[in-house]
Amino acid sequence: MGPYPPPHGGVQTNLVAIRHFLLSRGIPCAVINLTRHRREVGDEIYYPKTPFEVLRLLTRLRYDIIHLHFGGNLSPRLMMLALACCLMPRSKTVLTFHSGGYPLSKAGKSASPLTFRGFVIRRFDRVIGVNQELKTLFRKFGVAAGRIRLIYPHAISMGSIETSLPDRLDRFFWAHHPALVTVSGLEPEYDLSLQIDVLEQIRERFPDAGLVIIGSGSLEEEVRARIQGKPYADHILLCGDIPHSITLRAIAESDLFLRTTLYDGDSISVREALHIGTPVIATDNGMRPSGTNLIPRSDREALRQTIEQVLTRGAPEQPQVDTGERNIEEVFELYQELLDE
């Protein structure tokens with residue numbers, strides 16, 4: 001249970017990879033999508049519109065394990081859903097919390113066994129953190145150490161990369177060199193204003209530079225307005241959500257991939273860019289893969305200098321990127337452990 005593509009973000013990628021792993025071994029695995037994105041129901045992927053429909057699916061479907069995937073915040077609504085899942089009879093429950101920066105937030109710092117969040121999280125048979133800080137957070141909520149696992153979420157499955165770009169993107173790439181690309185939600189934590197603002201200085205050194213922003217989110221209108229307020233607005237392309245195969249082609253065609261964040265987990269798009277061979281500049285969050293050019297958080301000057309350095313001198317040869325297959329195997333082993341109890 002969790003977000004299912006589209007769009008194709010890190011949490012979605014992890015959920016899809018686990019499902020594909022199970023199906024490839026003949027193990028049935030239904031999905032209940034928990035986002036506003038909708039498709040036709042099929043292949044045991046369900047898109048409930050209301051909490052009541054979610055509960056109805058939980059009582060109707062057959063399963064041994066419920067695996068919840070949460071990103072962002074542990075809101076009261078999500079905690080009520082989690083509690084309902086933990087109360088389902090004859091099943092085990094697992095929670096993967098993907099929000100790597102949550103422990104540093106105001107809500108994360110208030111973690112305690114006495115909170116409603118702590119009460120609910122302790123009901124899970126196992127909890128998975130995607131970094132060490134989340135493991136520590138679970139302990140603050142009072143979860144027994146034996147129920148906590150550290151399993152990294154990345155699982156790179158490149159699938160098919162489009163051989164060409166749609167006309168709009170293709171024209172933009174032809175007209176801009178170097179072309180910078182970022183893939184993220186249009187949300188406050190992705191600090192997109194930093195990239196939009198720094199492009200002005202980059203174009204002083206590289207007059208044909210352009211920025212492609214792939215993704216959607218609650219700040220779309222705000223981001224669009226910020227772009228339109230710039231004298232170089234024609235050199236920033238706000239794409240919205242596009243198919244994953246086209247996103248990979250855009251990353252492959254770009255000269256540099258950017259990931260600026262206020263807080264972040266293990267970004268799958270960073271690993272995909274490195275796997276493709278595109279140089280990456282990302283905010284240092286303590287868990288970036290080898291080969292990433294790191295900058296401090298919200299440091300415009302550091303971003304400018306690093307962009308100019310990479311574009312001028314080129315990035316060093318990229319090391320081989322861990323595809324994350326072992327991460328998915330660890331999740332499967334956890335399932336087996338639960339069923340054997």
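The values are calculated or read from the model by the stated rules, or taken from the named source; none is laboratory data. Note that the structure is a prediction, hence the values are computed from the model and not measured. FYI the Cβ positions are ideal-geometry reconstructions off the backbone, even for glycines, and counts take in every protein chain you see. When the accessible area is computed, the model is the full protein with side chains, heavy atoms only, and any ligands, DNA or RNA have been set aside. Shrake-Rupley method; radii C 1.70, N 1.55, O 1.52, S 1.80 Å.
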Distant-in-sequence amide H partners of I45 (H built 1.01 Å from N, under 5 Å): V31
Segment H20-R90, extension gain: residue separation times 0.36 nm, minus the distance between their alpha carbons: 22.8 nm
Restricting to aspartates and glutamates and to Cα separations under 20 Å from K49, and discarding same-chain partners fewer than 8 apart, the set is E40
Please sort 7-17, 287-297 by packing, taking for each peptide the average over its residues of neighbouring beta carbons within 10 angstrom, highest first. 7-17, 287-297
Compute the length gained on full extension between D208 and L57: take 0.36 nm times their separation in residues and subtract their Cα-Cα distance, giving the result in nm to one decimal. 49.1 nm
Distance (nanometres) between label positions extended 7 Å along Cα→Cβ at I65 and L114: 3.5 nm
Return, for the Cα atoms of the stretch 167-267, the radius of gyration and Dmax in Å, separated by a comma. 12.7, 34
Considering the alpha-carbon set of the chain alone, what are its Rg and its Dmax in angstrom? 20.7, 64
Using the basic label-point model (7 angstrom from Cα toward the beta carbon), what is the A225 to R122 distance in nanometres? 4.5 nm
Carbon and sulfur atoms account, in whole percent of the 1.4 Å probe accessible area of the stretch 181-314, for 41 percent
State, to one decimal in nm, how far the label point of R77 lies from the label point of K49, with both points 7 Å from Cα in the Cβ direction. 1.6 nm
Using the heavy atoms of the protein chains and a 1.4 angstrom probe, tell me the accessible area per residue for the chain in square angstrom. 48 Å²
Around P28, with a cut-off of 15 angstrom between Cβ atoms, what is the net charge of the other residues, counting Lys and Arg +1 and Asp and Glu -1? +1
Please report the relative contact order for the chain, taking Cα pairs under 8 Å with a sequence separation of at least 6, and give it as a percent rounded to a whole number. 16 percent
